[in-house]
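Notes follow the structure.
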Amino acid sequence: MIKYIVLLSMVFLFGCQTEQNNENMKNEISTNIKNNPLIEKWNTPFETPPFNKIKSEDYLPAMEEGIKQQQKEIDAIVNEKAAPTFKNTIVAYEKSGSLLKKVSNVFYAVEAANTDDVLKETAKKIRPELAAHYDNIKMNKKLFDRINEVFKQKDKMNLDFQDKKLLEETYKKFVRAGVNLPEDKKKRLKEINMKLASLSQKFGDNLLAETNDFDLYVTDKKDLGEMPANFVEAAAEEAKKRGHDSGWSFTLQRPSFYPFLDYSPNRELREKIFSGYAMRGNNNNKHDNKKVLEEMVKLRTERAQLLGYKTHADYVLEESMAENPDNVYKLLNQVWKPALETAKHDRNMLAVMMKMDGIDDKFRAADWRYYVKKIREKRYKFDEDETRPYFEVNAVRQGAFALANKLFGLTFKEMKNIPVWHKDQQVYEVVGDDGKHVGIIYMDFFARPSKKGGAWMNELRVQSNIDNFVSPIVTNNFNFPAPTKDSPSLLSFSQAQTVFHEFGHGLHGLLSNVRYGSLSGTNVPRDFVEFPSQVMENWMSEPEVLELYAKHYKTGEVIPQAMIEKMNAANDFNEGFRSVEYLAASFLDMDWHTLKDTEHRNTLEFEKAAMDKIGLIDEIIPRYRSTYFAHIFSGGYSSGYYSYLWAEILDADAFAMFKNSGDIFNPELAKKYQKMISLGGTKSGMELYKEFSGREPDIKALLERKGFVQN
């Protein structure tokens, strides 16, 4: 069984690279920001951000100062009198903007996980400014002339594979940004990029507001059904926060939304909360996202064609493992038919069970989770709530740490003296098997109104080694139910998977060992980046790993093998639904971004036509409908949501190698795997995978795992 985990907001914005202090710029910092803690040297353990000193108001002036500093550094490269060389042009460009990278990496991490009104306004203002700044750099013809001169001499220079990759990627970034366009088209491109930056921010802000505004207030306890006490208590606390004297409030945050759909016997209330979730950004109010995304699609298409591509998807996928839209559609269609047939079969079974409850009505999307739970209890004798006590959030975290120790020899030391951006954060120093410092990881587990939905990883500082070794700092962010006064935070199996998934992204950043920050860690093609995260999910349900962490939070008893078998069988049951809702969203993403003209599309009509084309059944909606599809309209996944499936082929194939070796901790394979992900983006994803496995990946392992192989 595989769960597609949301990775909402991995912040690769603006090509996060290594932090390099530029002593020459210190005296040029304007007087009004000299005491800004974001600009001062960070005298904290391992130079982590001093969150105890940083105020929301500090980010904007610090980033604007960073823009000024980088522009001066670019001017210095352009005005260099010596002939262009790899060092004075390519490496100098790589090292430019150290302050801006340092501050913006922290800003976008905090703005996603613990925002406030000041941070929201800062994001609105700085995004178009940053878009214009990077356009001014990437379209600087004099700068590109120097880069091009070095590029033309690449075969005559003594460059290793990392140097060559940096040179090639730098050259391509400028070409793909439009540096060779005539001035009138450059001007239009800059206008488009600034507008898209603003629209993307607006989309995300609208979605957060819509999610936070919803309140399903319940006053009759019968409507909660047999909901576990910890969810009931959390809903009661939420009601008080929202000004109710009693009762229970359910929100569109998943730790609240999902339990209500699972347990409430009140069908109309289930429909109400489901509709609230499915209609986000589509309520014709001030937070409506239809016009926002329609304009974004038009502008993305226009931009791609200005740059010489047929569609936005062609532009994006040129830099991916998939290479082009045809290959993506081919992959999606390969899985779609068996997934849809499985989902239809399950739908019919669920509808029969609903009729057995005496409900003579059409089975609806809002009924799905409620009756899946009933099927699991009846057919598999499995109740997920029996497993939750074995997945206490801190125990699951320790399980992920223990797995990293088994595979890579890493240990994790909690650091109480490192400042955090929210009191719930936990911070750990990561130490290698040689006793040396590897990096820092922040864990931020619980849902709150100031945090965007889903789960994701950030790199506050990427690893590099140009002049000296710079260690990485990463974060993992989740939206789990917070502990209550009577209960710890107990996770479902899929939520526990999420921990291992995001931790896999964290390891990708932490284990990086390359020279240049722009090629390190998770700076890899989008359809490769999900591989190191998804492969970790395979280990977490193996008996040898479960016994390390899946222990009852009260008794310490390891989760019984019989319960594991029931859990795995029950979780396999709903694979058709999971695959269909994910694939539907992937098709929707591709359909929006393979448009070849900039004619206006009506969001709802377009979405319906896209889903009708693939035959999506009424009882399942895309995992993300257009108006709340933050991955593609507010994150970095446009034309890339298919990446989870692409990476699943890699992770299923790779884990099969461990299983078939007879040792899921096989030290030789673990060492080869670590080497693969430590190389970041210094080689292509396929090249890295083939060096690890000795061959190209095979989809057979994935189809077998999903139960979609037909005999």
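Points worth noting:
- Cross-link pairs K101/K173; K142/K310; K406/K659; K222/K551; K172/K671 - those with Cα-Cα distance over 21 Å: K142/K310; K222/K551; K172/K671
- Counting Lys and Arg as +1 and Asp and Glu as -1 over every other residue whose Cβ lies under 13 Å from the Cβ of D314, the net charge comes to +1.
- Sites E168 and D75, calculated FRET efficiency, Cβ-Cβ separation with R0 35 Å, nearest 0.05: 0.90
- One chain, two ends: R242 and E377. Fully extended at 0.36 nm per residue, the span grows by 45.2 nm beyond their Cα-Cα distance.
- Among the trypsin sites (Lys or Arg not before Pro) within region 388-455, those in coil by DSSP and having at most 11 neighbouring Cβ atoms inside 10 Å are K416, K423, K436.
- Going by neighbour counts of Cβ atoms within 10 Å, the residues S96, S693 line up, fewest first, as S693, S96.
- Charge dipole (the chain, unit charges on Cβ, about Cα centre) - positive-most of N348, L143, I359: L143
- Between the C-alpha center of region 457-523 and that of region 634-711 there is a gap of 19 Å.
- Computed from label points 7 Å out along Cα-Cβ, the spacing between E191 and T44 is 4.2 nm.
- Distance between modelled label sites at N405 and K34, nm, 7 Å Cα→Cβ extension: 4.9
- When the alpha carbon gyration tensor of region 396-464 is reduced to an equivalent ellipsoid, the three semi-axes, largest first, read 23, 14, 12 Å.
- Dipole orientation for region 214-278: of the candidates W248, N230, G276, G276 has the Cα lying most toward the positive pole (charges on Cβ; Lys, Arg +1; Asp, Glu -1).
- Distances between every pair of Cα atoms in region 274-433, grouped in 10 Å steps from 0 to the bin holding the largest one, split as 8, 15, 18, 28, 27, 5, 0 percent.
- Placing unit charges on the Cβ atoms only, positive for Lys and Arg and negative for Asp and Glu, gives the chain a dipole magnitude near 1220 debye about its Cα centre.
- Legend: translational diffusion of region 214-278 by Stokes-Einstein, Rh = Kirkwood radius over C-alpha pairs, 10 °C, 1.306 mPa s; D = 139 µm²/s.
- Whole-angstrom gap from region 45-74 to region 367-423, using each part's C-alpha centre: 35
- Multiplying the residue separation of E295 and D220 by 0.36 nm and subtracting their alpha-carbon distance yields 22.6 nm.
- Counting every other Cβ atom within 10 Å of each residue's Cβ, Y644, Y582 order from fewest to most as Y582, Y644.
- The loop-placed trypsin sites (Lys or Arg not before Pro) in region 603-660, going by DSSP, include none that has at most 14 neighbouring Cβ atoms within 10 Å of its Cβ.
- Neighbour net charge for E377 - beta-carbon separation under 12 angstrom, K R +1, D E -1: +1
- Cross-link table K120/K272; K240/K373; K344/K608; K272/K337, entries beyond 21 Å C-alpha to C-alpha: K120/K272; K240/K373; K272/K337
- Applying 0.36 nm per residue to the separation of M657 and T598 and subtracting their alpha-carbon distance, the gain on full extension is 16.6 nm.
- Binned Cα-Cα distances of region 35-208, short to long, each 5 Å bin given as a whole percent: 1, 8, 15, 16, 16, 15, 13, 9, 4, 1, 0
- Farthest towards the positive end of the charge dipole of region 35-208, among the residues V175, T115, Q162, is the Cα of V175, using unit charges on the Cβ of Lys, Arg, Asp and Glu.
- Cross-link partners of K68 among aspartates and glutamates (Cα-Cα below 13 Å; sequence separation of 8 or more within a chain): E28, E129
- Cα-centre dipole for region 91-242 with unit charges at Cβ (Lys and Arg positive, Asp and Glu negative), debye to 20: 1280
- For the chain, the 222 nm mean residue ellipticity estimated from helices alone, with every DSSP H stretch of n ≥ 4 adding -39500 (n - 2.57) and the total spread over all residues, rounds to -17000 deg cm²/dmol.
- Label sites at K272 and N468, each approximated as a point 7 angstrom past Cα along Cα to Cβ, lie 6.2 nm apart.
- Applying both filters, DSSP loop and at most 10 other Cβ atoms within 10 Å, to the trypsin sites (Lys or Arg not before Pro) of region 547-591 gives K554.
- Computed over neighbours whose Cβ is under 9 Å from that of G439, the net charge equals 0, Lys and Arg +1, Asp and Glu -1.
- When F469, F658 are sorted by how many other C-beta atoms sit within 10 angstrom of their C-beta, beginning with the fewest, the order is F469, F658.
- Region 642-684 shape via C-alpha gyration tensor axes, a/c threshold 1.5: oblate
- Prolate/oblate/rounded call for region 101-194, Cα gyration tensor, a/c under 1.5 rounded: oblate
Bear in mind these aren't lab numbers, they're just calculated from the coordinates by the rules spelled out. Only a predicted model underlies this, so the values are computations on that prediction, with no experimental measurement involved. No Cβ is skipped: glycine too gets one built from the backbone with ideal geometry, and neighbour counts run over all protein chains shown.
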